[in-house]
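Take a look at the structure set out below.
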């Protein structure tokens, strides 16, 4: 069994693994098995392994679980870090909020410790459970696709080497190794949908619908997702240009595409402009598509979608950025970098806005709607406009997208 698990880790981390590696460990069976295998792998590969545990502050048992992980790390001479989350306001979906907080905390921890890759203990059972939960919500191809064994989030690579391994297989390995683990009492709480789904999977198995069957479906869905994204990428190359940070789409070519291609292209464009981690929800995207077909203006996720002269312009809505300000050496609106010859600390980058555009008489020469230019970056000294690099390019100040225009097209294939 250890050979199979080590091979799964070796395959995902590649021929040249990172010299420093992070692993998230809660104390449960999946993560303890992962920690055990990674400890052996790190010794073989001379890797500096760092262990992190997140305390969500929600269960009294967590203190003992953290102590258990700390003792195990001490036994294996591994550095162990504990991160604390205490920001939940009692609103929203607790499990979703805790998951988001966990990723945020671990991301900051990894970055501060010069760790570029963090390994997670998701199993094939997690794949099957997620599939059923999303199926209940009426998810499409993307939502029903298998988890990626590698993803990039906030510049950290998240690795899941056990997605083809069952939860029970990992527990068998732990018993063979003489290792114990801690069971989260919430795993018996039927108030949580995921726990009810686990119960349902037992019934499905009796009907011949096993975890392995469901995982195979998620993998086929993932293949379909890749094929669709490839077609969207080809279509985007033919009909999309990037101008002044805005996405410009040929309206006629867009409307000629199948519905799913249009939906994906529009959702990606809005996500890319807004700089969001997740794409907008399906129903909201379909509403915007209806407005586009009628050549009417709409907004979604801080973006404005405007059709003019058979071109569709997707750009930042001015109201979404009008209060955003930063120094000239910082990233503005999560996407723009502005550089100039003046390093005066009193300078700031803000949206051009109505006041700024009134001072740029030649804005029509840019070829973008006035509304799109309002949200472009400009340099101010208190109330005085010093530069508008997108509207009035000059030799002193330059504005460019942090990830570059080509990132728009490349990101279509990386979803």
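Legend: calculated FRET efficiency, residue 223 to residue 243, from the Cβ-Cβ distance at R0 = 45 Å, rounded to 0.05, equals 0.85.
Annotation for residue 63 and residue 323: the two label points, set 7 Å from Cα along the Cα-Cβ direction, are 4.0 nm apart.
Counting only DSSP H runs of at least 4 residues, each contributing -39500 (n - 2.57), and dividing by the residue count of the chain, the helix-based mean residue ellipticity at 222 nm comes to -13500 deg cm²/dmol. The calculated FRET efficiency for residue 355 paired with residue 154, based on their beta-carbon distance and R0 = 30 Å, is about 0.30. Using the alpha-carbon atoms, what tilt in degrees (0 to 90, nearest 10) does helix 2-13 show relative to the longest principal axis of the chain? The angle comes out at about 10 degrees. Against the empirical 2.2 N^0.38 Å (N residues), the range 218-317 has a Cα radius of gyration ratio of 1.03. Note on residue 346/residue 11: beta-carbon distance plugged into 1/(1 + (r/R0)^6) with R0 of 60 Å gives a FRET efficiency of 0.65. Of 372, 256, 236, the residue with the greatest mean-square motion in the GNM of the chain, using alpha carbon springs below 10 Å, is 256.
Given 10 °C and 1.306 mPa s, compute D for the range 312-415 with the Stokes-Einstein relation, Rh being the Kirkwood radius over Cα pairs; round to the nearest whole µm²/s. Diffusion coefficient, whole number: 112 µm²/s. As I understand it, the value is the acute angle between the Cα axis of helix 94-112 and the longest principal axis of the Cα atoms of the chain; what does it come to in degrees, rounded to 10? For helix 94-112, the angle is close to 80 degrees. Here the simple spin-label model places points 7 Å from the Cα toward Cβ, and for residue 44 and residue 295 these points are separated by 6.4 nm. How far is helix 124-136 tilted, in degrees, relative to the longest principal axis of the Cα atoms in the chain, given as a value from 0 to 90 rounded to the nearest 10? Between the helix axis and the principal axis of the chain, the angle is about 50 degrees.
Using a Gaussian network model of the chain in which every pair of alpha carbons under 10 angstrom is joined by a spring, one finds that among 147, 114, 337 the greatest mean-square fluctuation is at 114. Looking at the chain as a GNM with Cα springs under 10 Å, which of 366, 32, 270 has the largest mean-square fluctuation? Result for the chain, Cα springs under 10 Å: 366 fluctuates most. Sorted from longest to shortest, the spans of the Cα atoms of the range 76-214 along the three principal axes equal 49, 41, 29 Å.
Read the figures in this text as sums done on the coordinates, not as results from a lab. Just so we're clear, the structure is a prediction, and the values are computed from it rather than from any experiment. Neighbour counts run over all protein chains shown; Cβ positions are idealised from the backbone, glycine included.
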